[in-house]
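Novice: If you scroll down you'll find the structure; I have some questions about it.
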Amino acid sequence: MHNVNANGATIPALGFGTFRMSGPDVLRMVPQVLTLGYRHIDTAQIYGNEAEVGEGIANSGVKRGDVFLTTKVWVSNYKRAAFLRSVDESLGKLRTDYVDLLLLHWPNEAVPLAEQIAALNEVHKAGKVRHIGVSNFNRALLAEAVRLSDAPIVTNQIEIHPYIDQSVMLEAAHKAGQSVTAYYAMADGKVFADPVLKGIADRHGHSVAQVVLRWLVQQDGVIALSKTVGEQRAAENLAIFDFELSKDDMAAIHGLARPDGRIVSPDGLAPAWD
Ligand SMILES: NC(=O)c1ccc[n+]([C@@H]2O[C@H](COP(=O)([O-])OP(=O)(O)OC[C@H]3O[C@@H](n4cnc5c(N)ncnc54)[C@H](OP(=O)(O)O)[C@@H]3O)[C@@H](O)[C@H]2O)c1
């Protein structure tokens with residue numbers, strides 16, 4: 001697996017996601033995927049499974065220092081005191097003194113962005129967080145976050161799959177030296193029935209999941225997240241670093257994007273998307 005370098009952070013290009021995973025599944029899967037060779041785990045306060053992620057890493061036999069661990073502060077914890085308390089709680093659950101990356105999970109105007117960014121910087125300065133970033137930010141919010149922050153923003157975690165055109169967000173990230181972390185790669189399962197993706201997968205002798213993940217990590221500065229409760233699928237999804245998609249394959253997959261392709265846009269949280 002290669003790493004993505006972004007504003008001083010070195011981030012494994014494929015991360016194991018834990019959204020919508022029960023505690024027992026996380027406890028079972030985290031040690032398995034670390035044994036398989038994953039070195040990047042993504043969780044969030046709102047997923048309710050940080051404790052199992054921490055226990056899973058501790059049980060895995062892989063050293064904490066060899067794992068790139070991300071968590072995200074939930075929007076109800078954005079005021080300074082709650083923010084700081086919530087980060088300490090996350091670290092306790094995760095059984096660690098630091099996370100590699102801490103993200104603001106969604107934009108939220110109830111607390112000024114300056115206060116949110118100041119809190120991110122405070123935990124960064126305290127050594128509780130190696131790198132900071134955001135999630136679900138549009139370009140204007142991202143630029144404002146960069147302006148407000150002492151520590152560099154290393155990633156914006158957003159929805160990316162073949163049915164959504166995120167080229168504008170990718171370009172903005174590149175210009176700012178940031179990475180983009182892709183979530184919902186499988187488009188909530190829609191990719192599996194796609195004839196174009198099936199055709200490319202058949203020609204390469206790989207699965208549709210592998211083609212989609214490969215398409216992501218083959219793009220400059222893009223990190224892919226992948227979640228599964230199946231060990232075989234986790235192994236399959238990791239086996240994407242020994243083949244390459246052609247320029248035509250890449251273009252054909254980009255060509256699947258459509259204006260209504262976005263899936264995740266919760267009322268009250270989603271910004272005006274670019
Ligand atoms: N920042 C945010 O707001 C945000 C939002 C959403 C997600 N995320 C992050 O991004 C991660 C990935 O997104 P996601 O959880 O939606 O998952 P995903 O990687 O897009 O996968 C969606 C579904 O595809 C299935 N799948 C995975 N590999 C497969 C394979 N090889 N063959 C067939 N099916 C396969 C999985 O089902 P099975 O488990 O049944 O295999 C999974 O539930 C999350 O876990 C989370 O860490 C962040």
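Read the figures in this text as sums done on the coordinates, not as results from a lab. Predicted model, so just to flag it, every value in this text is computed and none were measured. We place every Cβ from the backbone using ideal geometry, glycine too, and count neighbours over all the protein chains shown.
Novice: Output the relative contact order of the stretch 181-244, whole-number percent, from Cα pairs under 8 angstrom with separation of 6+ residues.
Specialist: The normalised contact order for the stretch 181-244 reaches 36 percent.
Novice: For the stretch 57-146, which trypsin sites (Lys or Arg not before Pro) are in a loop by DSSP, counting at most 16 other Cβ atoms within 10 Å? Please list the in-between numbers first.
Specialist: Details: sites: 63, 64, 72, 79, 80, 85, 93, 95, 125, 128, 130, 139; in loops: 63, 79, 95, 128.
Those that pass, being in a loop and sparsely packed, are 63, 79, 95.
Novice: Right, something else. Going by C-beta contacts inside 10 Å, put 101, 238 in order with the fewest on the left.
Specialist: 238, 101
Novice: As a footprinting exposure proxy, order 233, 214, 20 by other Cβ within 10 Å, with the fewest listed first.
Specialist: Working: 233 14, 214 26, 20 10.
Sorted ascending by nearby Cβ count, the order is 20, 233, 214.
Novice: In the stretch 186-274, which GluC sites (Glu not before Pro) are in a loop and have at most 15 other Cβ atoms within 10 Å, using DSSP for the loop call?
Specialist: Filter output for the stretch 186-274: 244.
Novice: I need the phi-derived Karplus couplings for the stretch 73-83: 6.51 cos²θ - 1.76 cosθ + 1.60, θ = phi - 60°, integer Hz, Gly and Pro marked x.
Specialist: 7, 7, 4, 6, 9, 7, 6, 3, 4, 5, 4
Novice: Compute the projected area of the convex hull of the Cα atoms of the stretch 1-48, averaged over all viewing directions, and report it in nm² to one decimal place.
Specialist: Values: hull surface 15.5 nm².
Seen from a random direction, the Cα hull of the stretch 1-48 projects 3.9 nm² on average.
Novice: Please list, in order along the stretch 47-59, the HN-Hα scalar couplings obtained from phi with the Karplus expression 6.51 cos²θ - 1.76 cosθ + 1.60 (θ = phi - 60°), rounded to whole Hz, x for Gly and Pro.
Specialist: 6, x, 10, 4, 5, 6, 4, x, 5, x, 5, 4, 7
Novice: Residue 159's amide H: which non-local residues (gap 5+, or another chain) put their own amide H closer than 5 Å, with H modeled 1.01 Å from N in plane and none for Pro or chain starts?
Specialist: Amide H neighbours of residue 159, under 5 Å, 5+ apart: 183.
Novice: List 29, 1, 186 from most exposed to least, where exposure is judged by having the fewest other Cβ atoms within 10 Å.
Specialist: Result, fewest neighbours first: 1, 186, 29.
Novice: Moving on. Give the long-range amide H neighbours of residue 99: residues separated by 5 or more places, or on another chain, with amide H under 5 Å away, using H modelled in the peptide plane at 1.01 Å from N.
Specialist: 129, 130
Novice: Which ³J(HN,Hα) values in Hz, rounded to whole numbers, follow from the phi angles of the stretch 136-152 under the Karplus curve 6.51 cos²θ - 1.76 cosθ + 1.60, where θ = phi - 60° and Gly and Pro get x?
Specialist: 6, 8, 8, 5, 5, 5, 5, 5, 5, 4, 4, 4, 7, 9, 6, 7, x
Novice: Looking at the stretch 22-109, which GluC sites (Glu not before Pro) are DSSP coil and have at most 10 other C-beta atoms within 10 Å of their C-beta?
Specialist: Qualifying residues, ordered by number: 109.
Novice: Given only helices, namely DSSP H runs of n ≥ 4 each adding -39500 (n - 2.57), what is the per-residue ellipticity at 222 nm of the chain, to the nearest 500 deg cm²/dmol?
Specialist: Result for the chain, helices only: -12000 deg cm²/dmol.
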